[in-house]
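Okay, so here's the structure we're looking at.
Read-outs: derived from the displayed coordinates by stated rules, not from any lab. Owing to the predicted nature of the structure, the values given are computational and were not obtained by experimental measurement. Methodologically, a virtual Cβ is constructed for each residue, glycine included, from the backbone with ideal geometry; neighbour enumeration extends over all protein chains shown.
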Amino acid sequence: MTTQSDNGFRKIQCTINGTPRSLFIDVRKSLLEVLRQELGLTGTKEGCGVGECGACSVLVDEVLVDSCLYLAVWADGTAIRTVEGEARDGKLSVVQQAYVDEGAVQCGFCTPGFIMASTSFVEKHEGQDVSEDEIRKGHAGNLCRCTGYQNILKAVEKSIKS
């Protein structure tokens, strides 16, 4: 239930990484700003700030979004997943572990966004036979300045087969 106040703040309710949250937020803030500045979930990175690089990718109701472009008020009533919520009980997710196993990390700045894009892709294609081209297209919204993407592709292939 969204509640608007007179001072530009709104109360929203959502679930973040499995935990129900009630937040009183500035209606002008992006989901990225709320996640990082107000909730301390700094795994989600701001790269370009205009939805071009994918460093800020998170899942909102299982849909991959650029959180820099997604207003936090739009998250009312949704389930949000960030990279911090992917590991369970001290164990990395299948995708996170595949990134480690395949050396799919360079500087690490884009990695959280890539992991969320890969998670979305793997969940949609689990058990399917997908081509390298399909994996590339599934990650087209994510950019990395440090790598040639080959190990990321290997990590996604490994995750799908797991």
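Connecting C-alpha atoms closer than 10 Å in a GNM of the chain, tell me which of Gly127, Gly113, Gly47 has the biggest fluctuation.
Gly127
Angle check, please: helix 111-125 long axis (alpha carbons) against the longest principal axis of the chain (alpha carbons), in degrees 0 to 90, nearest 10.
Rounded to the nearest ten degrees, it is 70.
For every other residue with a beta carbon closer than 14 angstrom to the beta carbon of Leu153, add +1 if it is Lys or Arg and -1 if Asp or Glu, then tell me the sum. Mind showing how you got there, number by number?
Working: positive: Arg136, Lys137, Lys154, Lys158, Lys161; negative: Asp101, Glu102, Glu132, Asp133, Glu134, Glu157.
Net charge around Leu153: -1.
Using the alpha-carbon atoms, what tilt in degrees (0 to 90, nearest 10) does helix 150-161 show relative to the longest principal axis of the chain?
90
With contacts defined as alpha carbon pairs under 8 Å and 6 or more residues apart, what's the relative contact order of segment 94-161 in percent?
Over segment 94-161, the number comes to 56 percent.
Below 23 Å Cα-Cα, how many Lys pairs turn up in the chain? Only count pairs eight or more apart in sequence, or on different chains, if you could.
Final tally of qualifying lysine pairs is 15.
With the chain treated as a Gaussian network of Cα nodes joined by springs under 10 Å, which of Val95, Val50, Val122 yields the largest mean-square fluctuation?
Val50
So how strong a dipole does segment 1-116 carry about its Cα centre when Lys and Arg Cβ are +1 and Asp and Glu Cβ are -1, to the nearest 20 debye? Provide the component values of the computation, followed by the final result.
Numbers: 10 positive and 15 negative charges, 57 e Å.
Taking the Cα centre of segment 1-116 as origin, the dipole is about 280 debye.
How high is the relative contact order of segment 1-128, in percent, counting Cα pairs under 8 Å that sit 6 or more residues apart?
Normalised by residue count, the contact order of segment 1-128 is 26 percent.
Put +1 on the Cβ of each Lys and Arg and -1 on the Cβ of each Asp and Glu in the chain; which of Ser22, Met116, Cys53 then has its Cα farthest toward the positive end of the dipole?
Ser22
Report the one residue of Gly127, Ser93, Ile12 whose Cα lies farthest in the direction of the positive end of the charge dipole of segment 1-127 (charges on C-beta: Lys and Arg +1, Asp and Glu -1; origin at the Cα centre).
Towards the positive end, the residue furthest out is Ile12.
Which of Cys56, Cys146, Cys68 ends up with the largest GNM mean-square fluctuation for the chain, with Cα atoms connected below 10 Å?
Checking each option, the largest mean-square fluctuation is seen for Cys146.
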